[in-house]
Every structure is written in structure tokens, then in C-alpha cells.
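Below is one structure, written out as C-alpha cells; the observations come after it.
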Amino acid sequence: MAQKNIFIQPEGGPSTFHFDEDLDNLPLPSLDDTLERYYKSLIPFASDESELKNTERIISEFKNGDGKKLHEMLKEKASKEKNWVENYWEDYAYLTTRVPLAPYCVMSQPLLTSYTGINTTRGNLLRNFSRIVHYTLEFWDLIRHEKLRPGTSADGKMHFSSNQFKRIFNTSRNPGDPKDEISCYFKLKSEGSCPTHIVVIGSGRIFYFDVIYDDKLMSPQELHHTLSIIYGKINDEKNNIGIPILTCDDRTAWSKNRQYLMELSKENQHYFKIIESSIIALSFDDLEPSDISELSQKSIDGDIQSRWHDKSSTLVAFRNGRFGFVGEHSCYDGALSFSPYILMNLMDNPEPDWNEELKLKVIPKEIKFKVDDKIKIEIDRLEKWKAAVENVLTVHFGQFEGYGKNAMKDQKIHPDCFVQMALQLTYYKLHAKLPSTYETATMRQYYHGRTETVRSCSIEVMEWIDKWFDGKSTTAEKAKYFRRAANSQHKLMNDAKQGKGVDRHLFALSCLAIENQMSTPELYNDPLFLKSGGGGNFVLSTSTLGYFINIGFVAPMLKDGYGTFYTMLENRIWIIVTAYKESDVTSGKKFYDAFESSMTEIMDLLNFTSESKL
């Protein structure tokens, strides 16, 4: 099967985590280098020369004062830790966040099963879901037995950290005050026993069952039998006082309710352990999303009585036979999602024989929390709260069919850089200003590496946009400046991957200031720091999902911002644009429409200038 060559390590090859301990330490750039790159990133956002002059002063004072002290502390930390930002990033970027996890802090994907050739209908819901769950369990088993192929760069010369794979499954982000805690129950086979059950949630009811018997995973047919029992029970009787809705609350309130429930009975403590240690959560959602845009949105903010938001991974089955996925972002990054494995298996493997006689018939158990009037009041509060804020996010899926990665490569431009430029042009068309832009750069080539920020809106982008709209530049000049901007983006990405970014370094310095009870340095309160995206204030949050039939997204970083996430196929581009409904400034649909025209206009320009040289 094709996916074996991609995901499964050949016999005798290095194990999944073989290279992890030998990866290079996360590099720490010099303070001077970071501040120089930081200053350049501010220039597109300065309103005038005086604002830049003031920021120059602030940077100089930081470099010779608080920044110098903090950097010396960070150097000391880096001398003792292989990844100097790891704990800070987890604690301050994720676990101290108090807002509800969905839709603000989770990743989501529509599982595009219709592109795999399977019959995606309401009548096939349970059969298809059983196959999806089975392939998910296979992926879990590959990690557990260390047979998943370790990640590498495209040329195979650079090895990537596999560390985050240990938190995709059997993991939960448990609420706390003032910060949450990640509880990981996953263990490699070589480390000992690991929980082997899954939980299934729907209409406020929670079930669980083991998925390994005689050291074998349940087959799709066996899973179908058990899931059919659960689905029947859920449809026969809904739970009006279901606990799952409590997990959609803000983190401090949920922490108090969780603690109260555990103190209410020892059984409740046992039930929490079952849910939080389970391999994965399955969700039977009552909704019936009509298209990919709605499927995407409802995967992240659908039926809240069928979600346990703390779980690191949740597969969602909708009534009309569509499927989605939700991942808790603090536990791992989106690039580690196992959905490509699922989709490839659905494409490669034939339909199971559903009439095959079952060797194993597993009866699920139901979790019934002990509750009292206090918890019932809290559930009622959240039912009313959800009705008031439903559909916080708009999610628009678009498919640009004008061309894809092949045509961009023909122009000698990296496809990701090409799309990034189109996003810059799109935003400027709609808002007549440049957007502070975040693009994800992987740092997994370093020990426990996660991500760095690429500040895509560069000086070169500013100059190109000026040429595009000045009304006097020739097509040749526009094309020249476009290529300069795209090449600049390529360099920014490569620099970030080599540890020459800006944001993680400045972030760690700010964490040290907090940790040492220092007053906040002026640099972090500078208006240009915020206008350029500092402190997570990026107007445009972007990431590429690669080159396979796979798409996902997160919410925008700001109320008046966008999230834009794209997949570059051979002859088309898939893109998901997210925006907040409460914003009077943004529109995901308008952004996509403008993106389509931007992509067309850029390629027309490049083709015209190429032909004019003949």
C-alpha cells in the first residue's frame, strides 16, 4: 500500500524517536541580530519618520539596559536547557490563556473523505466512521511501537523531532487556575502499559470501551458493532444534564467546576481519569453541515454536548455522514495531525466485508457523573451562554482553480512565497493598509522544536505594494518588485528555520522579565511593537498545510483579523479563511473573493512580462 512507504518505517530502520535526543539545541541568536531584524520588520508599519526615531531610541535603550540583562539571563538558561523557549511557550502562549478553548485555542480540520472515493452519505456514517477510527488507532499503534517513520526535510538530510507525537493521543489539557496542565498518559511499548480505551460522546452522554483484545486492534467491523450500540443509545435518550458542556467554559470557571465534581464523589474522580487518559475522543454531533465551509466551522464550534474540549484529539461524526477533527493546540502543532494517514488508507484500502462474522463483540460502558443542583445550574448557565454566542467564528473554504503549485514553480517562485504575496495584496485591496503577518516556520529540526514566526510583511512587500498601486509603474517594474518581495519571503523563512527569527527570542525575554518581577520594558509597550504583530497581535495569521488533500485552520489572533490556511495542489489552491462575526471590519468571504482575483492578476502580470521578452 502506498501509505506504507510514507508513514511506516521499513524493518531495520531507525525508530520513530531515534534521532530526538541527538538533535541540535535550539539556537539562541545574539541580541544585536534580533533587534536589527526586529527594527526592519517595523518599517512597513511606521506612520512617519518620528515614530521610527522614537522606536530607534527604545530599541537602543533596551539593547543597552533591560534587554542586555535579560539576554544574559537567557544565555544562562540556554546553557542548561536544550530548548530555552519550550516551557515558556507552553505556559505563557497556551496554558495561562483563560478564554474557552473552542474556537479560540484549538485546531480544526474538515476530513475531506469525499475526495477519497468512499461513499460519504448519512447511511454510511457508522461504517465510514468505523474505518476512520480504525486507521486512527493504527496510527496510535505505529507511534506506540515506534514504527512511524521519523520526519525529515524534503531531501532527507535533516531530521525532525518526533517528540510531540507522544501527546497526540492519551492526553488532555486539564483546566487549572492560574494555568492549565497537560496530562499525558501515553507510553511507548518499551516504556510499559498505556491506556487502550476510547471515549464516545453524544447528546451529553459519555461511553467508553477498550480497543485492544489479545494484543490486536479492533477491526472496522468490530468497531462498527460497538459504535452502533452507542449511536442507538444516544438517539434513544439524550442527557439533559450532560457534563461535556462544562468543558466549553472559560478555563477558570471550568477548573472550579471540575474540582467541585471531583470532590463530590470518588466515582467522579475515576470518570475524569477514564476520559482524560483515553486514546482519543469520538463525537457524535447532531448537526448536518451542508458544505466544506460549514463542515469546517461546525467541526470547531458544533454541538457542545458532544465535545470534551480538553482532549488532545477528537474525531467528529455528523449526522449526514461528514467528518471533522479537532486538536488541542497546546499539546502539539497542526503539522503532526494524522488525517493524511486516514485519508490515504481510505483511498488505498477496499471497503471491508461488513457481513463478516464477528469474532469479538464489545459492549460499551457508560459514564454517569454524580451531579447536584449547583452543577445543574452551571450546565443551564452554559446552555444559555452558548445560545448567545453561537457561531463566534466564520469559516470560508475556497478552491482557487486558476492554477496551482506547478505554474508557480514554472515562474521560478516558491509556491508558498507566491501565495504569501497574494495574501498581502488581498489584504491591501480590502483595507488599504499593510497587515502585520504571521506565517508558521517549523523548528522541529531542533530539540523539542515547535515553531517560529515569519513576519511576512517586509520592506520588500511594502515597496512592491507601492509599485502595484502607484498608477505609474510599468508591468515590468511591478513584476520585478513582486519577485523581489517573494524572494525576500523565501529568505525570511529560511532565516527563521535557522533560528534567526524575532518573536520567540523577544517572547522569552519578556517571560524572564515576568519571572524576575521586573517592570515591563518599554519595548513591549511601544505602539510599533503592537502594530507589527508583537505579543501575538498579528492581523493576518497564516500557515501552509502542504501539498496533499488536507486542510485545517485556527481562529484569527485578533477580533479584526483573519486566519488564512492553504494547501497547494498541482493545479489548484485550497484555502480556508477564518474571521470573527463580531468584527465590523473583516469578512472571510470577501477576503477569499479578493484572493482569487489577486492570484489571477499576479499570474497575468508575470505571464505578460514573460511574453513581452520573447
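Accessible area per residue for the stretch 97-217, computed on protein heavy atoms with a 1.4 Å probe, is 38 Å². For the chain, relative contact order (Cα pairs under 8 Å, six or more residues apart, normalised by length) works out to 20 percent. Rg and Dmax of the stretch 410-459, based on Cα coordinates, read 13.5, 41 Å. If R0 is taken as 56 Å, the Cβ-Cβ distance between Met518 and Tyr260 corresponds to a FRET efficiency of 0.90.
Legend: translational diffusion of the chain by Stokes-Einstein, Rh = Kirkwood radius over C-alpha pairs, 10 °C, 1.306 mPa s; D = 62 µm²/s.
Summing +1 for each Lys or Arg and -1 for each Asp or Glu among the other residues whose beta-carbon sits under 13 angstrom from that of Arg131 gives -4.
Peptides 395-402, 579-586 ranked from most to least packed give 395-402, 579-586, packing being the mean of other C-beta atoms within 10 angstrom over each peptide's residues. Please compute the net charge surrounding Met568, taking Lys and Arg as +1 and Asp and Glu as -1 over other residues with Cβ under 14 Å from its Cβ. Counting the neighbours of Met568, the net charge comes to -2. One chain, two ends: Asn320 and Glu366. Fully extended at 0.36 nm per residue, the span grows by 14.1 nm beyond their Cα-Cα distance. In order along the stretch 537-543, the phi-based Karplus estimate (6.51 cos²θ - 1.76 cosθ + 1.60, θ = phi - 60°) of 3J(HN,Hα) comes to 9, 7, 5, 10, 9, 9, 6 Hz; Gly and Pro are listed as x.
Its DSSP H runs of at least 4 residues, each contributing -39,500 (n - 2.57), put the calculated 222 nm mean residue ellipticity of the chain at -13000 deg cm²/dmol, to the nearest 500. Remark: the stretch 304-319, residue by residue, has Karplus-estimated 3J(HN,Hα) of 6, 7, 10, 10, 10, 4, 5, 5, 5, 9, 9, 9, 10, 10, 9, 4 Hz, where x stands for each Gly or Pro and the curve is 6.51 cos²θ - 1.76 cosθ + 1.60 at θ = phi - 60°.
Using alpha carbon coordinates only, what is the Rg to Rh ratio of the stretch 38-184, with Rh defined as the Kirkwood radius? Looking at the stretch 38-184, the ratio lands at 1.11. Note on Asp466: accessible area is roughly 90 Å² with a 1.4 Å probe, heavy atoms of protein only. Spatially close Lys pairs in the stretch 160-319, defined by Cα atoms under 19 Å apart and a spacing of eight or more places or different chains, total 15.
Hey, which of these cross-link pairs are over 26 Å Cα-Cα: Lys157/Lys409; Lys40/Lys478; Lys374/Lys559?
Going by Cα-Cα distance, Lys374/Lys559 fall outside the 26 Å limit.
Rolling a 1.4 Å probe over the protein chains gives Met158 an accessible area of about 90 Å². Compared with the dominant Cα axis of the chain, that is its longest principal axis, helix 373-389 is turned about 40°. Using bins of 5 Å that start at zero, the share of Cα-Cα pairs per bin across the stretch 169-271 amounts to 2, 10, 15, 19, 19, 16, 12, 6, 1, in whole %. Placing R0 at 51 angstrom, the Cβ-Cβ distance between Lys40 and Tyr115 gives a FRET efficiency of 0.75 after rounding to 0.05. Where does the stretch 533-614 land on the Kirkwood hydrodynamic radius, alpha-carbon pairs, in angstrom? One decimal place: 14.3 Å for the Kirkwood radius. Under a 5 Å amide H cut-off, with hydrogens placed 1.01 Å from N, Arg205 pairs with Asn239 among residues at least 5 apart or on other chains. With K and R counted +1 and D and E -1, the other residues having a Cβ less than 15 Å from that of Asp33 yield a net charge of +4. To the nearest 10, the accessible area of Trp385 is 90 Å² with a 1.4 Å probe. Magnitude of the charge dipole for the stretch 401-556, about its Cα centre and with charges confined to Cβ atoms of Lys, Arg (+1) and Asp, Glu (-1), is about 480 debye. Loop-located trypsin sites (Lys or Arg not before Pro) in the stretch 358-449 (DSSP state other than H, G, I, E, B) with a sparse environment of at most 14 neighbouring Cβ atoms within 10 Å: Lys359, Lys361, Lys368, Lys370, Lys412, Lys433.
Here the gap between Met73 and Asp236, fully extended at 0.36 nm per residue and compared with their Cα-Cα distance, gives a gain of 52.6 nm. Once you reduce the stretch 187-212 and the stretch 571-614 to the center of their Cα atoms, the two points are 44 Å from each other.
Based on protein heavy atoms only, the stretch 398-442 ends up with 33 Å² per residue of surface accessible to a 1.4 Å probe. The distance from the alpha carbon centre of the stretch 39-55 to that of the stretch 360-393 is 50 Å, rounded to a whole number. State the percentage of accessible surface on the chain attributable to carbon and sulfur atoms; use a 1.4 Å probe and exclude ligands, DNA and RNA. On the chain, the fraction of accessible area on carbon and sulfur atoms equals 48 percent. Our coupling estimate for the stretch 191-204, obtained by passing each phi through the Karplus curve with A = 6.51, B = -1.76, C = 1.60 and θ = phi - 60°, is 9, x, 6, 9, x, 10, 10, 10, 10, 10, 10, x, 6, x Hz, Gly and Pro reported as x.
Where Rh denotes the Kirkwood radius from the mean inverse Cα pair distance, what is Rg over Rh for the stretch 333-372? A ratio of 1.21.
The values are calculated or read from the model by the stated rules, or taken from the named source; none is laboratory data. Note that the structure is predicted; figures quoted are calculated from it, not measured. Note that each Cβ is placed from the backbone with ideal geometry, even for glycine, and that neighbours are counted across all protein chains shown. Areas reflect the complete protein model, heavy atoms only, side chains present, ligands, DNA and RNA absent. Shrake-Rupley method; radii C 1.70, N 1.55, O 1.52, S 1.80 Å.
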